[in-house]
Every structure is written in C-alpha cells, then in structure tokens.
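Here's the structure, in structure tokens; my notes come after.
What follows is calculated from the coordinates using simple rules that are stated; it is not laboratory data. Quick caveat: nothing in here was measured; it's all calculated off a predicted structure. Cβ placement follows ideal geometry from the backbone for every residue including glycine, while neighbour counts extend to all protein chains displayed.
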Amino acid sequence: MMAAEQQSLRGEVRVNEPMSKHTSWRVGGPAETFFVPASLEDLSAFLHDLHTDIPVFWFGVGSNLLVRDGGIRGVVISASKILKDLERVENYRVRAGSGLPCTQLARQCIRWGIGPSEFFAGIPGTVGGALAMNAGAHGGETWERVESVRTIDRAGVINQRAPSEYSVAYRSVTGPTNEWFIEAIFRFDPNVAPSMEVMSEMLERRKRTQPLGLPSCGSVFRNPPGDHAARLIEAAGLKGYSIGGAEVSEKHANFIINSNDATATDVEELIEHVRQIVIEKHGVELVHEVRIVGEVAQ
C-alpha cells in the first residue's frame, strides 16, 4: 500500500510493529505492517485498495497465537477497536461482533436470561477467535449456537454465510478462503435458564486450576479422544520442564508459560518436545490447539 493510500485511511498504520506487544505469550517478531481500522468501512476500504500480492493476517487479541521471532510478512489487521457490537435481535437470538470478548457475551446473555451461554465465559478471547476455531469450555462449543455469520473478504466485500458453508469439528473450522468473521447471530435455547452462579463457579475454577496471572496462550494442545492432554503431559513427568524462558506450568500441564523472557523459539521448541515425549511415553500424538504463524528468525 502506497503512502498516498495510507493518508486516506482513518485507522492507524504502524510499520515493524512488535507482535510481542499484542500476544498473550508476550513473544513474537515484528509485523511488517500493522493496521488498526477505525471502522468497518475503513477496514473495507483498506482491503479493497490493498495490492492482491500482499499477504493479509487477521489478528484478534492474540490469546491463542504464537508468532515466530522472524515476525509476519505483509499486513496484520487488528480489529481490536471495532466490531464490538452486542444486540438482542429476538428473544433467544443475539448478534455479536467478532471483536467482542467472549466473557462480555456470556455476562450480557445471562443478564438477558438467555442460555446456555455461561460456557462463553470460559473462552479467553473474542467472538471472532471463538468462531475461527470452534472454541469451547465446560461442555459448550461456539458453533453449536451459530445461526449465521457475516464475513469480510480479501476485496473488502461483506458476505452473509450459513453454518452449512463451513466444516466444523472439535477446535477446527474450515470454510471459504480469504474471509474473516466480522459478526455472528447466535441462537440460544428457550428452555434453558442461564446462571450467574454457574458462570462465577467456572471462572473461579479457572483461577484455581490455571496460571492466569502469567503470560500463556491457554491450552496448548487439543484433548485427544477419551482423554485429556494435561493428564498425558503430567503423567509423562513434564510439569515444570523448561526450554529457555518457556516452561510447562506446574499448575496446569497443558499450559506453557513465559516464565523468564522467553522467545517464540523457546516456546515452539518446548511444544515440540512435549509432543515427542507424550508420543514416546503414551503412544498418543497430541495436536496443538495454538496457531503458530510467522517467519523463523534469521
């Protein structure tokens, strides 16, 4: 994108922006260009004018992301200041923007008496991130509640999509390429009354069992069928194991924490070490839930 085109934007364009400032692990090299749109219209215009050869990476709040130390080429789009709408459109239907924190969605649905919605409070990220990976917690999954979504594509065009256009599985969503979620309509159950007490218990359990005060990405690995990744990692004797500044949490074995100025390389090497040891000890190949992107540092 040329300087003249940048001047027409109302959003903020940064060059060589350290991704360590934006990811929950507090690691990651620079984004070549980092764009924070001021509105959906601003975002649409930016994408429309962007040269088709420039790669685009959509960024939420960085809670389930490992950016390698070499950074990200092309443009990183951070919609952190927009797409936070939340509206009750009918008794049991809710429209939520992709930039809305899942905890905020849960709290407001409970105030409206709409359920089951408490599980959204256990998802440490935004609605957009939850849609992208079918995030879930405490027995609930995002796409169980999706009635429709709106997306924006590489040309800045907004599309209406149905769940039937996506292949949805455990922590996996595949759909039209080069599109990003901007909002969803969720349909809840008229026969289910949500509970603020249940949500509070969920959040309290998270505090007790997870290292929430330390830089991490949440659960690193998906749970294999019929088992839990944390159990397998702990049984392999890996709690407290570290590479560089990255460490397997003593509190929850499926968390890797940045305990001492870790690099993204430290974290990625530890992820692979854990995966290999679990294969050796248990014969189970763990699949990482965290998304790993970017260039290896030269």
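What you get for the range 86-187, charging only the Cβ of Lys and Arg (+1) and of Asp and Glu (-1), is a dipole of about 180 debye around the Cα centre. Sorting 109-117, 218-226 by average packing, meaning the other beta carbons within 10 Å per residue, from highest down gives 109-117, 218-226. Between Ser78, Ser44, Ser98, the residue with the greatest mean-square fluctuation in the GNM of the chain (Cα pairs under 10 Å linked by springs) is Ser44.
Here the sum of -39500 (n - 2.57) over DSSP H runs of 4 or more residues, divided by the residues of the chain, equals -7500 deg cm²/dmol at 222 nm, to the nearest 500. Quick one: Cα centre-to-centre distance for the range 82-160 and the range 262-285, in angstrom? So the separation of the two Cα centres works out to 32 Å.
Here the contact order of the range 3-78, divided by its residue count and restricted to Cα pairs under 8 Å and six or more residues apart, works out to 38 percent. Ranked by how many other Cβ atoms sit within 10 Å of their own Cβ, fewest first, the residues Val278, Val76, Val168 fall in the order Val168, Val278, Val76.
Please give every one of the lysines within straight-line cross-link reach of Lys21, meaning a C-alpha to C-alpha distance under 18 Å, and leave out same-chain neighbours fewer than 8 residues apart. Straight-distance partners of Lys21: Lys81.
In percent, rounded to a whole number, the relative contact order of the range 211-293 is 35, using alpha-carbon pairs under 8 Å and six or more apart. Here the Kirkwood formula, the inverse mean of 1/r across different C-alpha pairs, assigns the range 86-187 a hydrodynamic radius of 13.5 Å.
Residues whose amide H falls under 5 Å from that of Glu250, counting only those 5 or more places apart or on a different chain, are Gly240, with hydrogens built in the peptide plane. In terms of the mean number of neighbouring beta-carbon atoms within 10 Å, the peptides 230-236, 182-188 order highest first as 182-188, 230-236.
Normalised by the residues of the chain, what does the relative contact order come to in percent, with Cα pairs under 8 Å and at least six apart? Dividing the mean separation by the residue count of the chain yields 18 percent.
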